[in-house]
Amino acid sequence: MLPSISLLLAAALGTSAHYTFPKVRANSGTTADWQYVRRADNWQNNGFVDNVNSQQIRCFQSSHSPAQSTLSVAAGTTITYGSAPNVFHPGPMQFYLARVPDGQAINSWTGEGAVWFKIYHEQPTFGSQLTWASNGKSSFPVKIPSCIKSGNYLLRAEHIALHVAQSSGAAQFYISCAQLSITGGGSTEPGSNYKVSFPGAYKASDPGILININYPVPTSYKNPGPSVFSC
């Protein structure tokens, strides 16, 4: 039997509502897609990761090919991550950093192990519904902590879409990882209580992942993952 027109329309609308995170910039200039960001596997179909135990929950890459270039940025400055198209679904933006070990090349380092620390997560506005400021936007500023050690890092951008997250495995993760060279930093190394691995940081049952944001409307929200590191 051929699919109904309504099913075809729903599928088309669902695809158009999806997005990628292909670019990052350090100032008001423009950069090309996937110039400083490792090309994610959704670069053509705008798809998402829905399994928190998948290796793709790290950088959304089935193979860890490098970005075209590495972006140099000073510690303490704010850079901007960009989506294409706009983030359509309700849910939080989150950012993590992982320092490339000294002596290893950023182009080949995979970010494996408990090396990721969170530098930002977004809380919703509460009321008759939950609203996140990221919804409808295409650029997302994030400040690089001023006290962390200089060196090469991966910056992991993640948006968690929660519009159908009332079922286990239904939250949608839109992810990519940028390559950064951070200069002018301090001497601080985030403690092990801040560091997590991907996969491993999340469970499908985490209250910030398995949640009905529609009814009854929640009066609080707990972001998945560790606490936000700050200097």
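The values are calculated or read from the model by the stated rules, or taken from the named source; none is laboratory data. It should be emphasised that the depicted structure is a prediction, and the values quoted were computed from it without experimental measurement. Cβ: placed from backbone, ideal geometry, glycine included. Neighbour counts: every protein chain shown. Accessible surface is based on the protein model in full, side chains and every heavy atom, while ligands, DNA and RNA are left aside. Shrake-Rupley method; radii C 1.70, N 1.55, O 1.52, S 1.80 Å.
Regarding K203, is this residue closer than 18 Å to F126 by Cα and either open to solvent by less than 20 Å² (accessible area, probe 1.4 Å) or touching a residue at least 12 places away in the same chain (Cβ under 8 Å) (or both)? Answer is no for this residue. Looking across segment 152-171, the residues that are on the phi < 0 side of the Ramachandran plot and either open to solvent by 20 Å² or more (accessible area, probe 1.4 Å) or β-branched (V, I, T) (or both) come down to N152, I160, H163, V164, Q166, S167, S168, A170.
Residue-level analysis places S83 outside the set of residues that are part of a loop (DSSP other than H, G, I, E, B), among the polar types (S, T, N, Q) and open to solvent by 10 Å² or more (accessible area, probe 1.4 Å).
Tell me whether segment 34-41 contains one or more residues that are of a type in the set (G, A, S), modelled with pLDDT of 95 or more and open to solvent by 50 Å² or more (accessible area, probe 1.4 Å). Checked segment 34-41: no residue is of a type in the set (G, A, S), modelled with pLDDT of 95 or more and open to solvent by 50 Å² or more (accessible area, probe 1.4 Å). Is there any pair with a first residue in segment 154-173 that is under 29 Å from S108 (Cβ atoms) and a second that is of a type in the set (V, I, T) whose Cβ atoms are under 6 Å apart and which are 6 or more apart or on different chains, and what are they? Note: pairs meeting the criteria are E158/I175; H159/V87; F173/V49; F173/I160. Screening segment 174-206 for residues that are assigned to a loop (DSSP other than H, G, I, E, B) and polar (S, T, N, Q) and picking the one that is nearest to S108 (Cα to Cα) gives S197. In segment 99-130, the residue that is farthest from the chain's Cα centre (by Cα) out of those that are open to solvent by 60 Å² or more (accessible area, probe 1.4 Å) and without any contact (Cβ under 8 Å) to a residue 60 or more places away in the chain is G103.
Tallying residues that are among the aromatic types (F, W, Y) and either over 23 Å from I119 (Cα atoms) or within 14 Å of the chain's Cα centre (by Cα) (or both) within segment 197-231 yields 3.
Residues in segment 131-151 that are hydrophobic (A, V, I, L, M, F, W, C), assigned to a loop (DSSP other than H, G, I, E, B) and either touching an Asp or Glu at 6+ places or on another chain (Cβ under 9 Å) or open to solvent by 50 Å² or more (accessible area, probe 1.4 Å) (or both): W132, A133.
Within the set S62, S72, S28, S128, the sole residue that is small (G, A, S) and not in a loop (DSSP other than H, G, I, E, B) turns out to be S72. Scanning segment 189-200 for residues that are surrounded by 14 or more Cβ atoms within 10 Å (Cβ to Cβ) and either under 22 Å from T78 (Cβ atoms) or not aromatic (F, W, Y) (or both) yields P190, Y194, K195, V196, S197, P199, G200. Among the numbered conditions (1) under 22 Å from V37 (Cβ atoms); (2) out of contact with any Ser or Thr (no Cβ under 7 Å at 6 or more places or on another chain); (3) part of a loop (DSSP other than H, G, I, E, B); (4) not hydroxyl-bearing (S, T, Y), the only one that G113 does not meet is (2).
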